[in-house]
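The values are calculated or read from the model by the stated rules, or taken from the named source; none is laboratory data. Just so you know, these numbers come straight off a predicted model, no measurement behind them. Neighbour counts run over all protein chains shown; Cβ positions are idealised from the backbone, glycine included. Surface accessibility is based on the protein's heavy atoms, side chains included, excluding ligands, DNA and RNA. Shrake-Rupley method; radii C 1.70, N 1.55, O 1.52, S 1.80 Å.
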Amino acid sequence: KDAANGQIEAGADVIYQAAGLSGQGVIQAAAAHKVWAIGVDSDQYEQSALAQYKDYILGSALKNVGGAVYELSKSVVEGKPLSGEQRGDLKSGGVGFADSNPKYKAMTDVVAAVEKAKQDIIDGKITVNTK
């Protein structure tokens, strides 16, 4: 929360935290300063623990851990265990963005830009360094 306050005081308009529910302080700070926060891991806009701050949760970065565990389990049951590095990306649905906040959806130009960037990443027009 203190780090987020410092970033906001330095001029940040949007704060992203990669700490799941441990990042509640970031969302609280964003709401107190009336700037956007981006959640992580699950749709934090929908979490009851953060309900009083949800108007300031722009969206949440998602990773489909449950899907990955399911695919691994399924491969073992089928006798063809997955091995080595397995990537969850936009194309496979391994990562995504929860856009439950109607205020986000109302920003049609931002939504369009995000969707275009997503498609460009899937199509290989934008590359992402994962190392």
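So, in the chain, how many Lys pairs have Cα atoms under 15 Å apart, if the pair is 8 or more places apart or on different chains?
Eligible lysine pairs with Cα atoms under 15 Å apart amount to 12.
What is the dipole size for the chain, taken about its Cα centre, with +1 at each Lys and Arg Cβ and -1 at each Asp and Glu Cβ, in debye to the nearest 20?
On the way: 14 positive and 16 negative charges, 34 e Å.
Using Cβ point charges on Lys, Arg, Asp and Glu, the chain gives about 160 debye.
Which GluC sites (Glu not before Pro) in segment 48-130 pass both tests, a DSSP loop state and at most 14 other beta-carbon atoms within 10 Å?
Values: sites: GLU71, GLU78, GLU85, GLU115; in loops: GLU78, GLU85.
Answer by residue number: GLU78, GLU85.
Could you tell me the largest-minus-smallest coordinate of the C-alpha atoms of the chain on each of the three principal axes, in descending order and whole angstroms?
Principal extents (Cα only, largest first): 53, 32, 29 Å.
On the protein heavy atoms, probe 1.4 angstrom, tell me the percent of accessible surface of the chain carried by carbon and sulfur.
Values: 4560 of 8440 Å².
Whole-percent figure for carbon plus sulfur exposure: 54.
Considering only protein heavy atoms, what per residue accessible area in square angstrom results for the chain with a 1.4 angstrom probe? Can you show the working numbers first?
Values: 8440 Å² over 131 residues.
Per residue, the chain has an accessible area of 64 Å².
Considering only ALA10, SER60, GLN28, whose Cα is most displaced toward the positive end of the charge dipole of the chain, charges sitting on Cβ of Lys, Arg (+1) and Asp, Glu (-1)?
Towards the positive end, the residue furthest out is SER60.
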